[in-house]
1. Is it the case, given these coordinates, that Pro132 is outside any helix (DSSP H, G or I), open to solvent by 30 Å² or more (accessible area, probe 1.4 Å) and either closer than 21 Å to Ala17 by Cα or not hydrophobic (A, V, I, L, M, F, W, C) (or both)?
2. Return a yes/no flag: does the stretch 101-114 have any residue that is at pLDDT 90 or above and open to solvent by 60 Å² or more (accessible area, probe 1.4 Å).
3. Does the stretch 1-35 hold any residues that are at pLDDT 90 or above, open to solvent by 50 Å² or more (accessible area, probe 1.4 Å) and among the aromatic types (Phe, Trp, Tyr), and which are they?
4. Just give me the residues in the stretch 36-45 being buried (at least 24 other Cβ atoms within 10 Å of the Cβ) and either in contact with an Asp or Glu (Cβ under 7 Å, 6 or more places away or on another chain) or farther than 12 Å from Ile10 by Cβ (or both), in sequence order.
5. Which of the residues spanning the stretch 46-74 are outside any helix (DSSP H, G or I) and either farther than 13 Å from Phe9 by Cα or of a type in the set (Asp, Glu) (or both)?
6. Any residue that is more than 26 Å from Phe170 (Cα to Cα) and among the hydrophobic types (A, V, I, L, M, F, W, C) - is there at least one of those in the stretch 84-97?
7. With respect to the numbered conditions (1) more than 28 Å from Phe12 (Cβ to Cβ); (2) part of a helix (DSSP H, G or I); (3) in contact with a Phe, Trp or Tyr (Cβ under 7 Å, 6 or more places away or on another chain); (4) not acidic (Asp, Glu), which one is the sole condition not fulfilled by Phe77?
Amino acid sequence: MNKTKDLIFIAFYAAMATVLEIVSGIIPFLQMPQGGSIQLGVIPVLVASYHLGYKKGACTGFLWWLIVFLMGGNNWFVDPMQYLLDYIFPCAVCGMAACFPKIGKNNLLSGVTGVMVLKFIFHILSGVYYWPPEGAAQGSLGAWIYSLTYNFGYNFATLLIAIVLVPMLFNRIAKNTKEFTGLKNS
């Protein structure tokens, strides 16, 4: 692909992720009471990873974070590391799905699952060290249990949605283009 076409695709996928993030934010049952939500915005970023490769996918994820930030989202700030763990790392890692190895026919399932596990780990670490439950110390067993259980629900739901939608979208797009830099087929 040429650079101009890649930039257009990156902008397109980041814009789609932003729109889906906004939609996720206004649907009450997708929201967790103390932050976090089922993030529909990861879907275009995952597709971007397979379409454009993991480097451009990570750029797409970062751009998605930046656009949402500039629009007034992602505003829970305690310190720089917390912000990285809560927002920047999870958004960027979603674009790295193409890095994962082929299991079975291709790397769609391993990539989607792998980046969602990494996203989950970032959220757990943020919860343990920056958002422990009342009465628990940072890094304590109570903080680990709380963070694991709190972050599991919405991350697992996002994973399930992504496992269903990414292959469907990929197959639909594949009918129109054969240029999938990040896909590892058998």
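1. yes
2. no
3. Scanning the stretch 1-35 gives Phe9, Phe12.
4. Going through the stretch 36-45, the residues buried (at least 24 other Cβ atoms within 10 Å of the Cβ) turn out to be 39, 41-42, 44-45.
Across the stretch 36-45, the qualifying residues are Gln39, Gly41, Val42.
5. Result: Met71, Gly72, Gly73, Asn74.
6. yes
7. Phe77 satisfies every listed condition except (2).
The values are calculated or read from the model by the stated rules, or taken from the named source; none is laboratory data. Note that this is a predicted model, so its numbers are computed, not measured. As a convention, Cβ positions derive from the backbone with ideal geometry for all residues, glycine included, and neighbour counts pool all protein chains shown. Ligands, DNA and RNA are stripped out before the accessible areas are found, and what is left, the full protein with its side chains, is counted by its heavy atoms. Shrake-Rupley method; radii C 1.70, N 1.55, O 1.52, S 1.80 Å.
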